[in-house]
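Everything on this sheet refers to the single structure shown next.
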Amino acid sequence: MSQISYNVELNFKRDFIENLVSIFANYNINIDVTEEPENIKIKFFNFMKRLIPVISRTVLKSREFSCPSELEMGLALLIEKISKGDDLFAHLSKQIVNLAYNDSLLNDWGIYHLHLGTTVEPDGFITRTGPVLFARFDDTNAYLINVMVHGNWTKQQMIKVLHNNWPESIKNYRLIDVIGLEHVPTDDDIKIARKFGFNTAVEIEPGVVYTSIGGGYTTSKTSMDVMSTMFHYNRLVEDLEKYVKENSQKYGEILSNKYGYSGKDLFFKLALQENEYFAYEQNTKVAFSLGRH
């Protein structure tokens, strides 16, 4: 019996964008689908970087930590959520839904600021507070730096607190071979540098120099992490499309032998579910796993 020659149609680059738009919709964020695909991807990965992954963490307070008495209840609520692995979205800046916004504190130093209210407002965000919690997160711990006035985005004391309390957590960003900076930037210097998209190392004490703990940013102020993530997924989508094309004969035979499909046309769409990718054949409604990425 002769082998069937299948006609294969797919456009995984288009499908990938559709998946991103769908994820935005889950957060009640509408995106202009007529935008350039690269812009949509940058906005998506910038948005995802600004979210705090929903996992349980151990809460660690710095030795310098203090909290105004009127915010202790809100702090306790937030700590409970962090420990339980609850979603912290409501405590984030309202700028999270502004897809054009670049969080310079996060992009430069990897530090979030979270509001310490106790009531969720109609817009879904917790009541805003003047002083806010400054904290850094990894997959294991939440490092509570301090509660300070909203707007302290360039206070180098925060890096000093991280170094003094949890140096192991930021050791990969310390410039070991650098004995010092010719010009030690002030907090105001860093504010100006960020305004123009210039990355700045900080020297928190003689001989202790750190580069951008948050990964840094481009001159357009876009996070370097965001750009590298976008390039990674560009390659991934191209590789997945190539893989499906090269294996279309195998997929066609499976659809014929196992599902009784007798057609010659295969229409694949790229589907995404919880980090697992699928090649979804539309005629038969059969999905082939392409792995987790």
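Annotations
- Other residues lying with their Cβ under 13 Å from the Cβ of residue 261 contribute a combined charge of 0, Lys and Arg counting +1, Asp and Glu -1.
- Taking amide H as placed 1.01 Å from N in the peptide plane, residue 59 has its amide H under 5 Å from the amide H of 142, each at least 5 places away in sequence or on another chain.
- Net charge dipole, segment 1-110: roughly 300 debye, given to the nearest 20, about the Cα centre with Cβ charges of +1 for Lys and Arg and -1 for Asp and Glu.
- Order of 148, 73, 158 under a 10 Å beta carbon neighbour criterion, fewest first: 73, 148, 158
- Residue with peak Gaussian network fluctuation, the chain [Cα springs, cutoff 10 Å], from 140, 222, 211: 140
- For segment 35-215, size of Cβ-based charge dipole, Lys and Arg +1, Asp and Glu -1, in debye: 160
- Where chymotrypsin sites (Phe, Trp or Tyr not before Pro) fall in DSSP loop in segment 131-206, at most 16 other Cβ within 10 Å: 196, 198
- Neighbourhood net charge (14 Å Cβ-Cβ; Lys/Arg +1, Asp/Glu -1) for residue 94: -1
- Estimated FRET transfer efficiency when R0 is 35 angstrom, pair residue 54-residue 219 (beta carbons, to 0.05): 0.60
- The charge dipole of segment 227-292, taken about its Cα centre with unit charges on the Cβ of Lys, Arg, Asp and Glu (plus for the first two, minus for the last two), comes to roughly 120 debye.
- Loop-located GluC sites (Glu not before Pro) in segment 248-286 whose Cβ has at most 16 other Cβ within 10 Å (DSSP): 274
- From phi via Karplus (6.51, -1.76, 1.60), per-residue ³J(HN,Hα) for segment 69-84 in Hz, x at Gly/Pro: 4, 6, 10, 5, 5, x, 5, 4, 4, 5, 4, 4, 5, 4, 5, 7
- Top positive-direction residue, dipole computed over the chain with Cβ charges, set 268, 31, 232: 268
- Rounded to the nearest 500, the helix-only mean residue ellipticity at 222 nm of the chain stands at -11000 deg cm²/dmol, with each DSSP H run of n ≥ 4 adding -39,500 (n - 2.57).
- Most fluctuating residue given options 97, 178, 147, as computed from a GNM of the chain linking Cα atoms under 10 Å: 178
- Remark on residue 209: its backbone amide H falls under 5 Å from those of 175, a criterion applied only to residues 5 or more positions apart or on other chains, H modelled at 1.01 Å from N.
- GNM on the chain, alpha-carbon springs under 10 angstrom: the most fluctuating residue among 257, 107, 19 is 257.
- With the convex hull constructed from alpha-carbon coordinates only, segment 224-293 shows a mean projected area of 4.9 nm² over all directions.
- Folded to 0 to 90 degrees: helix 224-246 orientation relative to the chain principal axis, Cα: 10
- Whole-number D in µm² s⁻¹ for the chain, Kirkwood Cα-pair radius fed into Stokes-Einstein, 4 °C, 1.567 mPa s: 59
- Taking every alpha-carbon pair under 8 Å whose residues sit at least 6 apart, the chain reaches a relative contact order of 21 percent.
- From phi via Karplus (6.51, -1.76, 1.60), per-residue ³J(HN,Hα) for segment 261-271 in Hz, x at Gly/Pro: 6, 10, x, 10, 9, 10, 10, 9, 10, 7, 10
- With 0.36 nm allotted per residue and the present C-alpha distance subtracted, the residue 138-residue 238 stretch has 33.0 nm of extension available.
Each reported figure results from applying straightforward, stated rules to the coordinates on display, with no laboratory input. This is a predicted model, so every value here is computed, not measured. Methodologically, a virtual Cβ is constructed for each residue, glycine included, from the backbone with ideal geometry; neighbour enumeration extends over all protein chains shown.
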